[in-house]
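What follows is a set of notes on a single structure, which appears directly below.
The values are calculated or read from the model by the stated rules, or taken from the named source; none is laboratory data. Predicted, not measured: the structure shown is a model, and the values here were computed from it. Here the Cβ is made from the backbone with ideal geometry for all residues, glycine too, and neighbour counts use every protein chain on show.
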Amino acid sequence: MRVDERLRPHVTNTLAPVTASLVTGIIGEEPSKFARTPILWNAVFREFRWDAVCVPWDLQLDQLPGFIRAARDAPDIAGFSVAVPYKVAVVPLLDGLDPMARQIGAVNTVARTPDGRLVGYNTDGQGAIDALTRKLPGLDHAFLDGLTGLRVLLIGSGGAGRGVAFYLASHLGPAGELCIINRDVDKARNLEQALRD
């Protein structure tokens, strides 16, 4: 059975037939309308002539468990990105987490292992650190030389915010200070407590 046929009952958007031998994608409420991930990766796949495709999968929260089961049973799915609001909700449905994702409690990437397990990773935090401290293409220098000892204000404590907070805390060091604000004060306090643990 093709991957689009396996996943069709678990998504809300219309899926075109998928015939590529390697399938990736992005899950979220409506990545078919907003995500740039498929545009970017499909251009890369075409450029390198890979028999691969990146597909947006729109789903509601109650469809998430069925989607994960169907993805696990579809060996042509190499993995997928996880968009809001499922970065935390997907965690207990996976077969494993890398150590940092386990500590953060949120994932933005799921990869299939050679033995078919779906394992979650969180690259949000490292991406934020790299954007601040690495010299990016076309620039003469990095935005910041380092983060040690800085005072940082983080706005948001959802899935991506959690990832960024854990990576920031590890780079700020004991002399640094991280202030977290969020619309839901309890979520910000829960993240603060998780960082202290």
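Does L147 satisfy being aliphatic (A, V, I, L, M), modelled with pLDDT under 95 and part of a loop (DSSP other than H, G, I, E, B)?
Values: aliphatic (A, V, I, L, M): yes; modelled with pLDDT under 95: no; part of a loop (DSSP other than H, G, I, E, B): yes.
No; evaluated as a whole, the condition is false for this residue.
Could you tell me whether T12 is in contact with a Cys (Cβ under 7 Å, 6 or more places away or on another chain) and touching a residue at least 24 places away in the same chain (Cβ under 8 Å)?
The answer is no for T12.
Taking D115 and the conditions (1) of a type outside the set (F, W, Y); (2) out of contact with any helix residue (DSSP H, G or I) (no Cβ under 8 Å at 6 or more places or on another chain); (3) outside the structural domain of A74 (by TED's automatic domain parsing), which numbered condition does it fall short on, given that it satisfies the others?
Here D115 clears every test but (3).
So P137 clears everything in (1) surrounded by 12 or more Cβ atoms within 10 Å (Cβ to Cβ); (2) modelled with pLDDT under 95 except one condition, right? Which one?
(1)
Pick from A70, A52, A74, A78: which is surrounded by fewer than 22 Cβ atoms within 10 Å (Cβ to Cβ), of a type outside the set (D, E), within 19 Å of S21 (Cβ to Cβ) and within 15 Å of the chain's Cα centre (by Cα)?
Being surrounded by fewer than 22 Cβ atoms within 10 Å (Cβ to Cβ), of a type outside the set (D, E), within 19 Å of S21 (Cβ to Cβ) and within 15 Å of the chain's Cα centre (by Cα) holds for just one of A70, A52, A74, A78, which is A78.
Looking for whichever is closer than 30 Å to Q193 by Cα and of a type in the set (D, E) here; the options are D4, D95, D58. Which one fits? Let's see the steps before the verdict.
Working: D4 fails: closer than 30 Å to Q193 by Cα; D58 fails: closer than 30 Å to Q193 by Cα.
One residue alone meets the criteria, D95.
So which residues in segment 147-164 are free of Cβ contacts under 8 Å to residues at least 40 places away in the same chain, at negative phi and not polar (S, T, N, Q), if there are any at all?
Once the filter is applied, which keeps residues that are free of Cβ contacts under 8 Å to residues at least 40 places away in the same chain, at negative phi and not polar (S, T, N, Q), segment 147-164 yields L147, L150, R151, V152, L153, L154, I155, G161.
Looking at segment 1-43, which of its residues are surrounded by fewer than 19 Cβ atoms within 10 Å (Cβ to Cβ) and part of a strand (DSSP E or B)?
L22
In segment 118-138, is there at least one residue being touching a residue at least 40 places away in the same chain (Cβ under 8 Å), part of a loop (DSSP other than H, G, I, E, B) and either under 25 Å from I180 (Cα atoms) or more than 16 Å from the chain's Cα centre (by Cα) (or both)?
yes
Checking the structure you have, find out if any residue of segment 49-66 is outside any loop (DSSP other than H, G, I, E, B), charged (D, E, K, R) and at pLDDT 95 or above.
Step one: list which residues in segment 49-66 are outside any loop (DSSP other than H, G, I, E, B), which gives 52-58, 61-66.
The next check asks that each one be charged (D, E, K, R); those that pass are 58, 62.
If we keep only those that are at pLDDT 95 or above as well, we get 58, 62.
Within segment 49-66 (the criterion being outside any loop (DSSP other than H, G, I, E, B), charged (D, E, K, R) and at pLDDT 95 or above), the answer is yes, since at least one residue qualifies.
Filter segment 160-197 for residues that are assigned to a strand (DSSP E or B) and surrounded by 21 or more Cβ atoms within 10 Å (Cβ to Cβ) and give the result.
Hit for segment 160-197 is I180, nothing else.
Check segment 67-74 and report whether any residue there is outside the structural domain of L191 (by TED's automatic domain parsing), out of contact with any strand residue (DSSP E or B) (no Cβ under 8 Å at 6 or more places or on another chain) and acidic (D, E).
Taking every residue of segment 67-74 in turn, at least one turns out to be outside the structural domain of L191 (by TED's automatic domain parsing), out of contact with any strand residue (DSSP E or B) (no Cβ under 8 Å at 6 or more places or on another chain) and acidic (D, E).
Going by what's in this entry, would V84 be described as β-branched (V, I, T), under 25 Å from I39 (Cβ atoms) and either in the same structural domain as G66 (by TED's automatic domain parsing) or crowded, with 19+ Cβ neighbours inside 10 Å (or both)?
Answer is yes for this residue.
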